[in-house]
Structure formats: C-alpha cells, structure tokens
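K.L.:
Let me give you the structure first, and then I'll get to my questions.
Just so it is clear, none of the values below were taken in a lab; they were calculated from the coordinates. No experiment lies behind these values; they were computed from the predicted model shown. Neighbour counts are summed over all protein chains in view; Cβ atoms, including those assigned to glycine, are modelled from backbone coordinates with ideal geometry.
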Amino acid sequence: MDAPMPVPAPLSLHVPEPPQRPGSEIDFTGLAVQPAGTARRPAIDCPAADMTDLAYDLVRVLDDQGHAVGPWDPALAPDTLMRGLRSMMTVRAYDERMQRAQRQGKTSFYMKCTGEEAIAVAQAMAVDRSDMLFPTYRQQGLLIARDWPLVDMMCQVFSNAGDRLKGRQMPVFYSSKEAGFFSISGNLGTQYSQAVGWAMASAIKGDTRIAAAWIGEGATAEGDFHHALTFASVYRAPVILTLVNNHWAISSFHGIAGGERTTFAARGLGYGIPSLRVDGNDFLAVFAATRWAAARARANLGPSLIELFTYRAAAHSTSDDPAKYRPENAGAHWPLGDPIDRLRQHLIALGVWSEARQEDLAREVAEAVQAAGKEAESLGTLDKGPYHSARTMFEDVYKTMPWHLERQRRQAGV
Amino acid sequence: MATMTMVQALNAAMDVMLTRSGDVVVLGEDVGYFGGVFRCTDGLQRKHGRARVFDTPITEAGIMGIAVGMAAYGLRPVAEMQFADYIYPACDQLISEAARLRYRSGGEFTAPVTVRAPYGGGIFGGQTHSQSPEAIFTHVAGLKTVIPSTPYDAKGLLISAIEDDDPVMFFEPKRLYNGPFEGYHDRPVVPWAKHPASEVPDGHYAIPLGKAATVRSGTAVTILAYGTMVHVAMAAARDAQVDAEILDLRTLVPVDIEAIEASVRKTGRCVIVHEATRTGGFGAELSALVQEHCFHHLEAPIERVTGWDTPYPHAFEWEYFPGPARIAEALRRVMEE
Ligand SMILES: Cc1ncc(C[n+]2csc(CCOP(=O)(O)OP(=O)(O)O)c2C)c(N)n1
Ligand SMILES: [Mg+2]
C-alpha cells in the first residue's frame, strides 16, 4: 500500500506590487545597471539564437563622464549630436508649453514625454526620412526631429481652425502622411501590427523603405503586440519594433505587464526575433541600436525588437497624478539620468560645446516654441475657437457622404 | 443613508458584494492600489486584499478570458474596462464565449461576469473616450445590458448585476460620475448632493434588472431614455413645457416592455433618446417594439433623437451631443401631429 498522499497546502495568488509606494523614498538600488560599453555588438545577420544575451544585457554607450565607449559608439559627427540636442530640448520646451496651455484651459488634455526625449529623436534620426513611423502618443519627438512645424502640431492640440485633423482627434493624436507619421490611435497597441503590415507591403512591392513602430511596456499585453511579432517573424518583415519600457502604465508598474520575471526584450526571443535591451536615456545607444536594426531591415534580414529601458519622469497625462501611486519625484532619481543632460555632458566632454552655448541654445529653443505658440493660438484654442466649420464633422466618415449623413448634416444646421 | 456621487455609489456596491461573498473579485486596468482612473474602486484593494481586487495587464481580451475562466470555477468577477471604447479587443471572449457559455454547455457552465465600463461623452474625450457602444452588445443573445442614471440606481443595479447568473454589460455614464448633467455644457456643474437620488442606503439593496423607472409622469408624450439622456430629457421637457412622461429604462436587455407599453398607450406619442449613433442604435429596437406593441395607440410617428452617425468629434462635442434643444424640437414635432 502506498503511503497516504500529503494534504496539499492551499494555493495563493501572486499579485505583483512595486517595491515602493507613496510615503516612502524611491529606491532604485535593486536595479542592475551594466557599465557603459560592455555589451557586445553582433553582426547584423546574427541569428536571434546567437545573441540571446543581448535581450538581458543593457546596451549603453555614454559613461558617467560623458564619454562614448564600447562597440556600439555610433561615432556621430558633432553637428549631428547638436541637432539631436536641439530637437530633444525643443521637445521638452514644447511639452512644457502645451502642458501650461492645458492648465490655462486652452485645450482639454496633454501628454508629455519627459525623460524619454532621446527615444523618438534619436530614432527618427537613425532611420531614413522616407521610412514610415507608427508611433504611440509619446513620440512627439519623431515629428520634431523630422522638422515638422511646431505650429502644425500645436494647432492639433488646440483643435483650432488650423488643425489638419479638423478638431476631430483628442490632443496629441497627431497624423501626418507627409511626415511619414501614421495617425495615432487612442486604442493601445493597434499600430504595432499595422507597422508590420506596412513593412510586408513594402517587401511585396520590392520597395526599399522600412517601417518602425513603438509600443509601451504596458501595452505589450495587448494581442496586437503578439500578432505583430508573429507576422514580423514569419514573413521576415522589414520593421523596427521598439518597445518603450518607461516602467509605468498609468498607475501600473512594469511588474503588472510581466516585468518581474524577465526583460521585455526577451519576449522577442520566443519569436526568433533578434532582440536588444538598450539604455533609453542614452542618445548614442538609442541611435546605434536603431541604426543596427534599420540596417538589418534594409538588408532584408527582417525585424528586430528593441526594448528601450527608461523611466516616465512626469505624469501619464494631464489627467493623472502619480503622487497617488508612486513616491514623489521618482523620475529625478532614475539611475540612468536625464537624456538631455547626458548628451550635453558628452558634447562638452568632446570639447565642442560649453555651458554658454547651452544657454544660448536653450534661449533659442524657448523663443522658437514661444513664437510657434503665439502663432498657433492666433489660429484658435479649444476654449475660444475659432475652429473648422462644424460641417466638417460629417465629412470623411465615408469618401462620399451617404444620404443619411447628408440629412443629419442638414438637421444639425451646418 | 448617505449622500453619494455615482462613483461613490458604485464603489459602495462593489464593497457590499466583496464583503458579502468571497466569490466576488474585482479586476481591471489600474483598479487596484490606485482605485481606477475614475476612482470607482478606490480603497477596495486595501480593504479586501490584493487577491480580490487587482490590477491586470493591459489586455481587454485577456481580462475577459480570465473572467470567463474564473466564472467557470465559480467566482463572480467584476471586470472593469477602462473605457467602453476599449472593450472591442474583448469582443471574442464576450460575444463568442461569455454570452454563449450557458447555452452551448447545456447550462453546465455559466459566466456570471459583470463588465463595468465608463461610457458616453461630454468630457472632451474625443472618439476613443466618448463612445456609447451599447447597441453592439444589446444585439448579442446571452448578454444583459444595464445603464444607471443616478447614484441610487447605480448601487442597486450594480448589486443586481453582480448577483445575476448571466453576463451583464454595465455601462456607467461617465458624464454623470460626479454630478447630474442636463446637457447645458455652458452652465455651472451641479453636484450630486443637490439631487434627491444621491441619497444612497447603506448596505445591500437590489434594484431588479429589467425594470424601468418612471422619472416624470405625464400625459402628452412618452420619452424613452437611459443614462445621461434621462437628465437631458427632463430638462428638455421642462424647457419645452411639454407634459412628458419620462421612462428611465435602466436595463436595455431585457427591456421593460410592460412599462413602455403602458406609457405609450396612455400618451399616444413617443420620443426615443440616446447619445449613441443612430443607425442600428438601440433606439431602432425601441422604435420597432413600440410599433409592434402600441401601433393602434400612436397618434404621431415615433421620433428618435440620437448622436450623429459619425465618430465622436473632439472640438464639436456639443454639436454632436443630442442636447435639450434637439430633444425639445422632437417633442414639438410629435406634439404638432
Ligand atoms: C485598448 C486600450 N486599453 C486601455 C487604454 C487606456 N490607457 C491609455 S494609456 C494606458 C497605459 C499605457 O501604458 P504603456 O503602454 O506603458 O505606455 P506609456 O503610457 O507608459 O507610454 C492605458 C491603460 C487604451 N488607451 N487603449
Ligand atoms: Mg509605460
């Protein structure tokens, strides 16, 4: 006779909880941060299986003294670096101004990308101007780095008479075909599989352009993330899949998205997609990793997944108050620093930049944003108008307006 | 008895049900520690523990599938979808699974899941934070659909929804979360405290699903409304000085056909109001029902006042919203017949 089975202990549910909540000090000491320059740089045709370590490592180029070190140094010309710095500073000044405009009631809503400026700016610079971008709401830097007019962006935020989207979309949900910037959706994740579809189309047509897409670590739980990786892998789609791990999804920390067990970059490995984990606050590392992925895509070697490791320094949006769920001022303690400070430090270390030039640039950027702000406001704000004609509300639902909409438009008296 | 906002009343309903039954769990994006982006689950995790009130990964399809699985075990999950606009990824689990589980398993497996979702416009949410997708779900056999218009109803209906043995879509008019709204966006915001239906009893009480409420008695015309539009219809009848009888349907499926029939037979006229788009909206179903049940009593064509058949535009929120002026016009038209 077998011995009686031991009575099993009752099960219990594990629910991830961040290490600190409001009331305690933020503490990042548990964060393993590899020194800059230590991650290896594989050839662009390296199979995913031979570079799995890079999904757990952290690609960093800028060291604590602002020197570029290691195999990922993209060795960019000072002019290019200065352009990047200017764009990042413009993004930050733009964010400040639009957030203020929201507080003043000139629009309904705004979302900053504070601390994440290097991502969109460096990535826009690392791909070709004709490559197609499928962003989330936190990549305003793509438009700015592509020199898209600030006034045009502001008009969208104000839903005013100059808004190319005719007041239809919530603030920051930009769209510009001319800028190669796909219409942003409010529904998380949808752009990820769309980008893969665009890339597949480019391959079908024998084009040379590639696609790039962004998603937040929180939204990787959506099905679209997995659909995108599946199709990208199966058809070896020419696409750069960026995953911005800023550690928060509104009030949920990255553990709720699965970050307790593994890295987000490691998700790519299961699909056989070469995957990198990169310091998202390091302009040079972001640029280099994106260039590497772009070269792969352009050489018909297929997709890459890049996790950009960063921190959402500001609130999720103007509707959010992070003091309710995380220690105050958490972003200021992020061990990987501020992307703008780090690039400035690098330029100074290179001997091509100075505090005085930095101040001049800051002033120039502030003036440009202010001038754009005035011009945009002269075209209207959400609280006071003017807007497009209300008649436009009925347009573009279909290519040609069916009888019932025509009738509703007349009924609306517009 | 306490004076509550709709947010507090919903919170109280979940609190009561979490306390009464160990089978009730609350899950959704940001519902745990933070207490939900609209604060409806505030404090529930602290009180009932992390294993019963918890944040989920951002995947509505996942939330719904998980909820169906939990229900199969015997729990009563209350799943929050952060906005009704974000339910669509969950549609397969909702429509093909939750709604049909009882039927396809011969009653062996059921899915007593309550799906809560803020819905409707009026907060400048643009097209992905303003939609009223109730008709998509009223069309699905196996789902019930409930929409409260006051704190008192919100608590009693949510308790009934959680106690119900079938899946219930529970749409919460977000414009009503913190105060009633008559549709005049340029007038000062009124707090719930000034409204009699903000008096909410302590503890457990249930408002049966499938029962409408007559919020205004009248003889001239019946207005069928639900959610935010109940308050807008009240304002419209007042301003147009029409002696309307206003039914707050509260449950769309199963709808209270007896109340509708009794009222329309009495008044002989009917105006149907909803914020959702017109074509294929729930108003079309109501219109058909009134025609089928009250044809010989009708003295004027049935009127529908609805959102336009466009996405919800950001800047033209108030041109889109079927406000009191548009309802008043419809009232005048049916009265002229
Ligand atoms: C399908 C869908 N579900 C829920 C939401 C609500 N929502 C908007 S942003 C957000 C958090 C996203 O976090 P993450 O993906 O990490 O991006 P981040 O905001 O950090 O850039 C949520 C839950 C949404 N917009 N779409
Ligand atoms: Mg995030």
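K.L.:
Are there any pairs, at least 6 apart or on different chains, whose C-beta atoms fall under 6 Å, with the first in region B:28-50 and within 8 Å of another protein chain (Cβ to nearest Cβ) and the second among the hydrophobic types (A, V, I, L, M, F, W, C) and surrounded by fewer than 24 Cβ atoms within 10 Å (Cβ to Cβ), and if so, which?
P.N.:
The qualifying pairs are B:Asp30/A:Ile250; B:Asp30/B:Val37; B:Gly32/B:Phe54; B:Arg50/A:Val15.
K.L.:
Okay, moving on. Just checking: which of the helices (runs of 4 or more DSSP H) contained wholly in region B:214-294 hold 1 or more residues that are touching a Phe, Trp or Tyr at 6+ places or on another chain (Cβ under 7 Å)?
P.N.:
Details: elements: B:228-240, B:257-267, B:282-294.
Because the criterion is at least 1 residues that are touching a Phe, Trp or Tyr at 6+ places or on another chain (Cβ under 7 Å), the helices (runs of 4 or more DSSP H) in region B:214-294 that meet it are B:228-240.
K.L.:
Being out of contact with any Pro (no Cβ under 7 Å at 6 or more places or on another chain), part of a loop (DSSP other than H, G, I, E, B) and either surrounded by fewer than 19 Cβ atoms within 10 Å (Cβ to Cβ) or not polar (S, T, N, Q) (or both) is true for just one of B:Gly203, B:Gly210. Which residue is that?
P.N.:
B:Gly203 is the lone residue from the list that is out of contact with any Pro (no Cβ under 7 Å at 6 or more places or on another chain), part of a loop (DSSP other than H, G, I, E, B) and either surrounded by fewer than 19 Cβ atoms within 10 Å (Cβ to Cβ) or not polar (S, T, N, Q) (or both).
K.L.:
Looking at region A:249-264, I want the residues that are under 14 Å from A:Arg277 (Cβ atoms) and facing chain B (nearest Cβ under 9 Å) and have a partner that is near ligand 2 (Cβ under 9 Å from one of its atoms) and assigned to a loop (DSSP other than H, G, I, E, B) with Cβ atoms under 7 Å, at least 6 apart or on another chain. Which pairs are those?
P.N.:
Hits for this filter: zero, empty list.
K.L.:
Pull up region A:293-308, narrow it to residues that are closer than 23 Å to A:Tyr137 by Cα and away from ligand 1 (no atom under 13 Å from the Cβ), then point me to the one that is nearest to the other protein chains (Cβ to nearest Cβ).
P.N.:
Residues of region A:293-308 that are closer than 23 Å to A:Tyr137 by Cα, as a first pass: A:293-294, A:303-308.
This time we only want the ones that are away from ligand 1 (no atom under 13 Å from the Cβ), so: A:293-294, A:303-306.
Values: A:Ala293: 25, A:Ala294: 28, A:Pro303: 22, A:Ser304: 23, A:Leu305: 18, A:Ile306: 20 Å.
By that ranking, first place goes to A:Leu305.
K.L.:
Please go through region B:311-337 and give me each residue that is touching a helix residue (DSSP H, G or I) at 6+ places or on another chain (Cβ under 6 Å), assigned to a loop (DSSP other than H, G, I, E, B) and surrounded by 21 or more Cβ atoms within 10 Å (Cβ to Cβ), ordered by number. Can you show your working first?
P.N.:
We begin by selecting, within region B:311-337, every residue touching a helix residue (DSSP H, G or I) at 6+ places or on another chain (Cβ under 6 Å); these are B:311-314, B:316, B:319, B:324, B:327-328, B:331.
Filter once more, so that each one left must be assigned to a loop (DSSP other than H, G, I, E, B): B:311-314, B:316.
Within region B:311-337, B:Tyr312, B:Pro313, B:His314, B:Phe316 meet the criteria.
K.L.:
In addition: Could you run through region A:171-223 and say how many residues are within 13 Å of chain B (Cβ to nearest Cβ) and acidic (Asp, Glu)?
P.N.:
2
K.L.:
Looking at region A:214-226, which of the residues that are out of contact with any Ser or Thr (no Cβ under 6 Å at 6 or more places or on another chain) and away from ligand 2 (no atom under 15 Å from the Cβ) is nearest to A:Ile250 (Cα to Cα)?
P.N.:
A:Gly223
K.L.:
For region A:218-234, what are the residues that are in contact (Cβ under 8 Å) with a residue 60 or more places away in the chain and either within 7 Å of ligand 1 (Cβ to nearest atom) or not aliphatic (A, V, I, L, M) (or both)?
P.N.:
Passing the criteria: A:Ala219, A:Ser233.
K.L.:
Tell me which of these B:Thr277 doesn't satisfy, since it passes every other one: (1) within 14 Å of another protein chain (Cβ to nearest Cβ); (2) surrounded by fewer than 18 Cβ atoms within 10 Å (Cβ to Cβ).
P.N.:
(2)
K.L.:
Name the pairs: first residue in region A:113-141 and within 14 Å of chain B (Cβ to nearest Cβ), second residue more than 14 Å from ligand 2 (Cβ to nearest atom) and of a type outside the set (Phe, Trp, Tyr), Cβ to Cβ under 8 Å, at least 6 apart or on different chains?
P.N.:
Pairs that qualify, where the first residue is within 14 Å of chain B (Cβ to nearest Cβ) and the partner is more than 14 Å from ligand 2 (Cβ to nearest atom) and of a type outside the set (Phe, Trp, Tyr), are A:Thr136/A:Ile184; A:Thr136/A:Gln191; A:Tyr137/A:Val172; A:Tyr137/A:Ile184.
K.L.:
Among (1) touching an Asp or Glu at 6+ places or on another chain (Cβ under 8 Å); (2) polar (S, T, N, Q); (3) away from every other protein chain (no Cβ under 14 Å), where does A:Gln408 come up short?
P.N.:
Going through (1) touching an Asp or Glu at 6+ places or on another chain (Cβ under 8 Å); (2) polar (S, T, N, Q); (3) away from every other protein chain (no Cβ under 14 Å) one by one, A:Gln408 breaks only (3).
K.L.:
Something else: Counting only residues that are polar (S, T, N, Q), away from chain B (no Cβ under 14 Å) and within 28 Å of A:Lys324 (Cα to Cα), how many does region A:1-35 have? Before you say what the answer is, go through the steps one by one.
P.N.:
Taking region A:1-35 first, the residues polar (S, T, N, Q) are A:12, A:20, A:24, A:29, A:34.
Within this subset, residues satisfying the condition of being away from chain B (no Cβ under 14 Å) are A:29, A:34.
Pick out the ones that are also within 28 Å of A:Lys324 (Cα to Cα) and you get A:29.
Of the residues in region A:1-35, 1 are polar (S, T, N, Q), away from chain B (no Cβ under 14 Å) and within 28 Å of A:Lys324 (Cα to Cα).
K.L.:
Something else: Among the candidates A:Thr290, A:Thr242, which residue alone is over 20 Å from A:Phe28 (Cβ atoms), within 16 Å of ligand 1 (Cβ to nearest atom) and more than 14 Å from chain B (Cβ to nearest Cβ)? Spell out how you get there, then give the answer.
P.N.:
Values: A:Thr290 fails: within 16 Å of ligand 1 (Cβ to nearest atom).
From the options A:Thr290, A:Thr242, the qualifying one is A:Thr242.
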